[in-house]
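The structure under discussion appears below in the form of structure tokens.
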Amino acid sequence: QVQLVESGGGLVQAGGSLRLSCAASGGTFSSNAVGWFRQAPGKDREFVAVISGRVSITSYADSVKGRFTISRDNAKNTVYLQMNSLKPEDTAVYYCAAKNSWADYTTPALYAYWGQGTQVTISS
């Protein structure tokens, strides 16, 4: 059983940066694919980025490509999401999630473990 806790959210102006952290405990975190998702009010939860287990392959949604970077430190059981050049449309609750396989990594329902979420608000 993997427990995930996000941190690092906050309020920043457009063009600013934030770094989100996803700290894991329990289970075999280093072998899990870990994804970041976000959900804005009234919208479905959407895929943002994902990183694979030990070899750290990454993938991004088109809307964040070139602005966000996902990384992981398996020694610290932590995955990071560095967010630069933030836009008001990035405002959402951001969640990290973990799954055992790489397949269909954009589908929230296939992730077994979820954090509680952290609010990111970008002012214009």
* Asked: Scanning for something under 18 Å from Ala103 (Cβ atoms), of a type in the set (S, T, N, Q) and touching a residue at least 12 places away in the same chain (Cβ under 8 Å), does the range 10-24 turn up at least one residue?
  -> no
Conditions (1) in contact with a Lys or Arg (Cβ under 6 Å, 6 or more places away or on another chain); (2) not in a strand (DSSP E or B) -> Val79 fails only (2)
Expected output for the range 99-122 (first residue within 27 Å of Leu86 (Cα to Cα), partner in a strand (DSSP E or B) and of a type in the set (Ser, Thr, Tyr), Cβ below 7 Å, 6+ apart or cross-chain) is Tyr105/Ser59; Trp114/Tyr95; Gly115/Tyr95; Gly117/Tyr94; Gly117/Tyr95; Thr118/Ser7; Thr118/Tyr94; Val120/Tyr94
How many residues of the range 76-93 are open to solvent by 40 Å² or more (accessible area, probe 1.4 Å) and either at pLDDT below 95 or of a type outside the set (S, T, N, Q) (or both)? The answer is 5
Review point. Does at least one position in the range 51-67 carry a residue that is in contact (Cβ under 8 Å) with a residue 24 or more places away in the chain, open to solvent by 50 Å² or more (accessible area, probe 1.4 Å) and not in a loop (DSSP other than H, G, I, E, B)?
Key: no
Tell me yes or no: at least one residue of the range 94-112 is surrounded by fewer than 17 Cβ atoms within 10 Å (Cβ to Cβ) and assigned to a strand (DSSP E or B).
no
Within the range 14-36, the residues that are open to solvent by 30 Å² or more (accessible area, probe 1.4 Å) and modelled with pLDDT of 95 or more are Ala14, Gly15, Ser17, Arg19, Ala23
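The values are calculated or read from the model by the stated rules, or taken from the named source; none is laboratory data. This one's a predicted model, so the numbers in the text were calculated from it and none came from an experiment. Because the Cβ atoms are built from the backbone with ideal geometry, glycine has one as well, and the counts that use them run over all protein chains shown. Note: areas computed on protein heavy atoms with side chains; ligands, DNA, RNA excluded. Shrake-Rupley method; radii C 1.70, N 1.55, O 1.52, S 1.80 Å.
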